[in-house]
Amino acid sequence: MKKIIVTLSLLSIIALGIIGCEDYTDLTAPELNLGSADFTRFVSIGNSLTMGEQSSSVFESAQMYSFGNIIANQVGATYAQATFSEPGTAGRLEIASLNPFTTYVNPGQGNPTNLTYPASYNNLGVKGAFLYDVLNARNATTCYTNNLPPPYSPFNTPNPLFNAVLRGFGTQLELAMAQQPTLVTLWIGNNDILAFATRGGLFPPTDPAVFQTQYTQVLTALNSTGAQIIIGGMPNALLTPYFTTVGPGVGQAISGIPGAQGLVYQTTGAPGIAIASATDLINKNVLITLSGSAAASLIGDQTGKYYTDNGIPVPPGVNIAFPFGLTPENPFPNGLVLDPNEIAAYSALRAGYNQIISGLATSFNYSVINWENLFTQLASSGGLAVNGITYSATYVTGNFFSLDGIHPTSQGYGIIANEFIKAINNKYGASIPLVDVSTIPGSLVFKGDVSMGKYGIPIIPYGSLDNVLF
C-alpha cells in the first residue's frame, strides 16, 4: 500500500468520537479575569512534554500546541519557543499503512527556525531533560544522558536540543531566573524514571535522595525570584499506549500456539530467564514496550533471533532451530519487557518522587497538579469525554496520544493545558477560560478504517522508538 502522507501537527481525528451533550459553561467565561496570577513574564521549565514533542519529534506545527503556548494564547502573554521546521527533529514517526497499521520514520530533518530570537525563550523545555539537567546542562555534551557512569555508559547520548534551546546562555534554571519570571510552570523529573521503564529496566533511575536534593535546589532558586509557580507531578506512564498496546496482543498470539507455556524472556537478575503466561500479558502484569512491536511479530519464528537487549535480529533466512520467544535458547529481549519486579520498582519510585514533590510544594506554598484522575480515566473502558470527543489510552484511535505512544497529540496537549489553567485559577483566584479542545485541529489526519492486525499489534520498524526520550 502506498505510504500515506500524514501531517502530524495536530490531534487524531480517527474515530472522531461521540458528539454528546455537555455543560460548556466553564468554557464560555465572558471576560478574562487573571485574579492575582501574573503572566507578565511567563516561563516554562521541563522536558519533551513542555517542549511539545509529538510522534517522537519536535516540529513547529505541533509546538504551536505545547501546553505553555496554549496557556499564553489564552491570557495574551508573550511566549517564545525554540521551534523547528518540518519534518522536525530526527526520527519523526509517520503512517505508512492503515491496514495493517504500519509506521515509518521520516528520513528528513528540519532546522531551528528561531535561533536569532534576541532573548531567552519563555519555553525552556528540552526533550530528554532530566532533573539534573535543569541545574547543570549547558549544551549537548554536558547533559545527563551523555555522562552516565559504567555500566550504563553504553547508553551515553549527546543531546543537541540543549544547544538549540539554551544557545550557550546558561542552564534552564539560569535562563529562567535571568528573565525575572512572574509565573513559572515546572514539570520535570518524568525522565528520571521513564527512561528506566522505556528501556525495560536497564537504564538507571535517579535515586530518590538525589531527586530530593536536586528538586529542592531548583525550587529554592526559583523561590528567590518571587515568581508564582505551578508544578506538574509525575503521571503514571505505564498507563500509556507505549506500555499497554503490544503485551495483550502477544498474549493472544501465544494462546493460539500449541504447547506454548508463555513468553520466555530475558531478565536482569538471576536466573536470567522468566516466563510470562498469556494471562499475565493480557492482564498487563508483564508489559512489552511499543519498541517491542517488531520483535513481537517474530514470536514462534525459527528464522528470527533477537540476540541483544535492544533486539537486533539475525539475517533473514537463518534457521535458529528454537522458536523465538518460546524457548530459553531464543528468548524475548530484556530491554523490551517490564517484568513484575520492574513494574513494582517503577511504581515505588514514582510514588516516592511524587511524595517529595508534594512535600516541597507544601513547604514553599506552591500548587501541584496530580495527574492520577486524568490518566486513570484515559485508561478506563469509557475513556474521557471532553468537548464532545472521547479520548482514551488506546493506541492511535484513542486520540490523546501521538504515534510514539507516550507524548500527547495537539488536542491531548490542550487537555494538559486545561489542567494547568484549572490549577492557576484555583490558586490565584483567576477565571481563565478553559480551551475548547475540539477547536484544535487533528494531529493524525487521514481517511479510512484503522486495523491493528490480527492481534492488535501495530507494525513499528525496529529501532524507530529507541530515542523517543533522548
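Return the only residue of Gly108, Gly170 being part of a loop (DSSP other than H, G, I, E, B) and within 30 Å of Ala295 (Cβ to Cβ).
Working: Gly170 fails: within 30 Å of Ala295 (Cβ to Cβ).
Unique residue meeting the criteria: Gly108.
Select, from Leu194, Leu186, the only residue that is outside any helix (DSSP H, G or I) and in the same structural domain as Asn47 (by TED's automatic domain parsing).
On the way: Leu194 fails: outside any helix (DSSP H, G or I).
Exactly one residue qualifies, and that residue is Leu186.
When the range 77-104 is examined, which residues are found to be surrounded by fewer than 19 Cβ atoms within 10 Å (Cβ to Cβ), touching an Asp or Glu at 6+ places or on another chain (Cβ under 8 Å) and outside any loop (DSSP other than H, G, I, E, B)?
Correct list: Leu98, Tyr104.
The rows are residues; the columns are (1) of a type outside the set (Val, Ile, Thr); (2) touching a residue at least 60 places away in the same chain (Cβ under 8 Å).
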position: Ile357; (1), (2): no, yes
position: Leu360; (1), (2): yes, yes
position: Phe364; (1), (2): yes, yes
position: Thr376; (1), (2): no, yes
position: Ala379; (1), (2): yes, yes
position: Ser392; (1), (2): yes, no
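For the list (1) surrounded by fewer than 16 Cβ atoms within 10 Å (Cβ to Cβ); (2) over 20 Å from Leu186 (Cα atoms), I need the number of the one condition that Glu372 fails.
For Glu372, the failing item is (2).
Any residue in the range 233-250 that's of a type in the set (Phe, Trp, Tyr): show its pairings with residues that are surrounded by fewer than 24 Cβ atoms within 10 Å (Cβ to Cβ) and part of a helix (DSSP H, G or I) at Cβ separation under 8 Å, as long as the two are six or more apart or on different chains.
If the second residue must be surrounded by fewer than 24 Cβ atoms within 10 Å (Cβ to Cβ) and part of a helix (DSSP H, G or I), the pairs left are Phe243/Ala237.
On the given criteria, is Leu403 assigned by TED's automatic domain parsing to the domain that holds Ala96, free of Cβ contacts under 8 Å to residues at least 60 places away in the same chain and within 21 Å of the chain's Cα centre (by Cα)?
Values: assigned by TED's automatic domain parsing to the domain that holds Ala96: yes; free of Cβ contacts under 8 Å to residues at least 60 places away in the same chain: no; within 21 Å of the chain's Cα centre (by Cα): yes.
Answer is no for this residue.
Name the one entry in Ile424, Ile432, Ile389, Ile415 that is in the same structural domain as Asn47 (by TED's automatic domain parsing), crowded, with 17+ Cβ neighbours inside 10 Å, under 17 Å from the mean Cα position of the chain (by Cα) and not basic (Lys, Arg). Don't jump to the end; show me each part of the working.
Working: Ile424 fails: under 17 Å from the mean Cα position of the chain (by Cα); Ile432 fails: under 17 Å from the mean Cα position of the chain (by Cα); Ile389 fails: under 17 Å from the mean Cα position of the chain (by Cα).
When all the criteria are applied, what remains is Ile415.
Run down Leu202, Leu148 and say which single residue is surrounded by 16 or more Cβ atoms within 10 Å (Cβ to Cβ), hydrophobic (A, V, I, L, M, F, W, C), assigned to a loop (DSSP other than H, G, I, E, B) and modelled with pLDDT under 95. Let's see the steps before the verdict.
Values: Leu148 fails: surrounded by 16 or more Cβ atoms within 10 Å (Cβ to Cβ).
The conditions single out Leu202.
Would you check which residues across the range 30-61 are surrounded by 13 or more Cβ atoms within 10 Å (Cβ to Cβ) and either hydroxyl-bearing (Ser, Thr, Tyr) or modelled with pLDDT under 95 (or both) and list them?
Taking the range 30-61 as the starting set, the residues that turn out to be surrounded by 13 or more Cβ atoms within 10 Å (Cβ to Cβ) are 33-35, 37-39, 41-61.
Across the range 30-61, the qualifying residues are Ser44, Ser48, Thr50, Ser55, Ser56, Ser57, Ser61.
Filter the range 304-337 for residues that are surrounded by 15 or more Cβ atoms within 10 Å (Cβ to Cβ), in a loop (DSSP other than H, G, I, E, B) and polar (S, T, N, Q); which is modelled with the highest pLDDT?
Within the range 304-337, the match that is modelled with the highest pLDDT is Thr327.
Take Ser297 and decide whether it is at pLDDT below 95, of a type outside the set (A, V, I, L, M), surrounded by 18 or more Cβ atoms within 10 Å (Cβ to Cβ) and in contact with a Ser or Thr (Cβ under 9 Å, 6 or more places away or on another chain). Show your work before the answer.
Numbers: at pLDDT below 95: yes; of a type outside the set (A, V, I, L, M): yes; surrounded by 18 or more Cβ atoms within 10 Å (Cβ to Cβ): yes; in contact with a Ser or Thr (Cβ under 9 Å, 6 or more places away or on another chain): no.
In short, no.
The values are calculated or read from the model by the stated rules, or taken from the named source; none is laboratory data. Computed from a prediction, not measured in an experiment: that's the story for all the values here. Reconstructed Cβ throughout: ideal geometry from the backbone, glycine too, with neighbour counts over all protein chains shown.
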